[in-house]
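What follows is calculated from the coordinates using simple rules that are stated; it is not laboratory data. Note that the structure is predicted; figures quoted are calculated from it, not measured. As a convention, Cβ positions derive from the backbone with ideal geometry for all residues, glycine included, and neighbour counts pool all protein chains shown.
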Amino acid sequence: MSSRLVWTGLLVLVAISLLLACAWGSAGWVWPWTADEAMQRVVFELRLPRAIAALTTGSLLAVAGCLMQVLLRNPLADPYVLGISGGAAVFALLGMTLGLSFLPVPLLAFTGALLTMVAVFVLGRGSGPWSTTRVLLTGVVLAAGWGALISLILALGPDASLRSMLFWLMGDLSYAQLSAWWLLPLLLGLGALWLRARSLNVLAGGQMQAALLGESSRERFWEIYLIASLLTALAVSIAGAVGFVGLIVPHLMRLVVGADHRRLLPAAALFGGAFLVVADTLARSAFGARQLPVGVLTALIGVPLFLLLLHRAVRIR
Amino acid sequence: MEAATSGPLLALEQVSIRIGPVVVANDLSLAALPGQFWGVLGPNGVGKTTLLKTLAGLHPHCHGQIQLEGRPLATLSRREIAPRLGMLTQHTRYAFDANCEETALVGRHPHLQAWSRESRADRAMAREALTELGLGDLAKRSCMQLSGGESRRLALATLLVQDPAVLLLDEPTNHLDPANQVTILNVLGRRVRDQGKTAIMALHEVNLAACYCSHVLLLLGDGQWLAGPTAELLTARHLSRLYRCRIRLVDDGQQKVFALAGEPQR
């Protein structure tokens, strides 16, 4: 596939997904430009901000997934592998259970994510020689700990808030409303990351190779870890723990544009965003008044799509 | 910084290296000048790889000083070291799928700014390195689909594209058939001779060392070492002591070849 075709395709995909999100909803189908005043308010005050939230979240998760996979040199890594979503979830669920309505859930989630990030950073550094394995184990064990706490909260929590807690855990954009200005920090962040993209290519070759090619791998590792964690923390506080986007989109895009991060990062950002916008539109529109958590849809669409491509791909071994 | 053309590219002054309980070298001093091709010989586990890692600044040494182009290695950042010193490691792992040309192009990384892209000249360098090593036809092949020998030559191509003045080579002939062993040593020899580089190569093939290396460093174990011109040091007596087995010099009038004599059985 020629690269111009790929980029045009991705941009068209984003545009179509946003148009779909604006035109379709549980209130019915309407082209934004033919809508009467009431529908225009629905489109511009409800559907568009939610679509932008989905676009931002999807992009953040896809990029964070790319970073984690190269950072841990592990194709199974996703943005949540080091326990960031778990930390966010425990704080968010505690807020819901204890009825801390004066603290917004996104703020609590972000606090939990940051706390986990710092914990992995401090504990993962260790005292001996530095290793990726130690960081991975620290994160995975922390994630397991958070998982136990989540089960505990679900088991002991009041039934009234159970549904909202489950929705949060599966990822839900119902309350996410972002203005278009949110795209600005995302774009700036992506621009900054793009400057690091070739370093990521070098890091993919391993610590020693990276050091020999001029990357002081330890500092670069933590730098990228912090960026990836912050992106994930933002995504989780916007939309809860939306699964699969951060795992599947990087792999899909690697099949399409290759492993060079200068192409992979922007491609993953575009496709991840469009993917989540479409999934969220389906989640809130396809079943009439009944809304589904978007995480269910990302998995239901993502898993067969990914398995099909994996089956047909000759380049993954 | 321009390379100080007259002085040594890499100089060691009384450097002691150890890894765990193994003393690799005590008070090692040597100077690798432009145009010199050093061979590092020694039995398994004597610390050849550790020595090369130390020279690359990736293993701490106890005392002494290592100078790269006249500046103390310890004070240089990785970013400053990489354009001047590169190393072919014993194993190369490719984590993600990329074609051979892209993989070789990674060698340009230390020469490029964060925002700049590889130029036409960089791509030409990568092509040339691949062609020189007999991988020209594989430029568009995935690095995951290579044989052991091809993968080894790709790693060397990446080092050639990095184009440092000091080339550290950890058993570069591993996995290679005889013809390819000779090919890559010819390529390396030309780079050292014609472009005023220096190479320091750990290897086990004594005869290849005799053929290609101008100087040798023998790591005898327990921190003892001998360093000097190949003609002086590479003798049957030294080699027998080095490897603790009987090695004979066979001369057919055209070439002298070292042969592993083995222990005579009764």
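Here the relative contact order of chain A, from alpha carbon pairs under 8 Å that lie six or more residues apart, stands at 32 percent.
Local charge for A:Gly295 was computed over the other residues whose Cβ lies under 12 Å away, with Lys and Arg +1 and Asp and Glu -1, and equals -2. Pairwise Cα distances in the range B:1-102 exceed 23 Å in 33 percent of cases. Per residue of A:43-50, other chain Cβ atoms within 10 Å of the residue Cβ number 0 on average. Helical runs (DSSP H, four residues minimum) scored at -39500 (n - 2.57) apiece and divided by the length of chain A put the mean residue ellipticity at 222 nm at -23500 deg cm²/dmol.
From other protein chains only, count the Cβ atoms within 10 Å of every residue's Cβ in A:191-203, then give the mean.
Numbers: counts 0, 1, 0, 2, 3, 1, 1, 11, 2, 1, 7, 5, 1.
Averaged over the peptide's residues, the number is 3.
Please identify every one of the chymotrypsin sites (Phe, Trp or Tyr not before Pro) in the range B:60-124 that sits in a loop by DSSP and has no more than 12 other beta carbons within 10 Å of its own beta carbon.
Details: sites: B:Tyr94, B:Phe96, B:Trp115; in loops: B:Tyr94, B:Phe96, B:Trp115.
Hits after loop and neighbour filter: B:Trp115.
Counting only Cβ charges, +1 for Lys and Arg and -1 for Asp and Glu, the dipole size of the range A:3-312 around its Cα centre is about 620 debye. The aspartates and glutamates whose alpha-carbon is closer than 20 Å to the alpha-carbon of B:Lys256, local same-chain residues fewer than 8 away aside, are B:Glu205, B:Glu232.
Quick check for you: which residues of the range A:62-86 have the amide N under 11 Å from the point 7 Å beyond the Cα of B:Met144 toward its beta carbon? A:75, by backbone N distance to the label point. Membrane-span-like helices in chain A, defined purely by DSSP H runs whose alpha carbon atoms cover 24 Å or more axially and whose average Kyte-Doolittle hydropathy reaches 1.0, are A:3-23, A:48-71, A:105-125, A:132-156, A:294-312. Candidate cross-link partners of B:Lys53 among the lysines, defined by an alpha-carbon separation under 29 Å and a same-chain spacing of 8 or more, comprise B:Lys197.
Taking amide H as placed 1.01 Å from N in the peptide plane, the amide H of B:Asn99 sits under 5 Å from that of B:Cys143, each at least 5 places away or on another chain. Here the peptides B:124-134, A:5-15 are ranked by packing, the mean other Cβ count within 10 Å, and the order with the highest first is B:124-134, A:5-15. DSSP assigns beta bridges within the protein assembly as shown; of those with both partners inside it, close to 60 percent run antiparallel.
Pairwise Cα distances in the range B:92-163 exceed 15 Å for 46 percent of all pairs.
Can you list the DSSP H helices in chain B whose Cα atoms extend at least 20 Å along the helix axis and whose mean Kyte-Doolittle hydropathy is 0.0 or higher? Intermediate values should be presented prior to the final figure.
Details: long enough: B:148-162 (21 Å, 0.31); B:178-195 (25 Å, -0.40).
Taking the DSSP H segments of chain B (at least 20 Å long, mean hydropathy at least 0.0), we get B:148-162.
Averaged across the residues of A:253-265, what count of C-beta atoms belonging to other chains lies within 10 Å of each residue's C-beta? Can you show the working numbers first?
Details: counts 0, 2, 1, 0, 0, 6, 10, 6, 1, 1, 0, 1, 0.
Taking all residues of A:253-265 together, the mean is 2.
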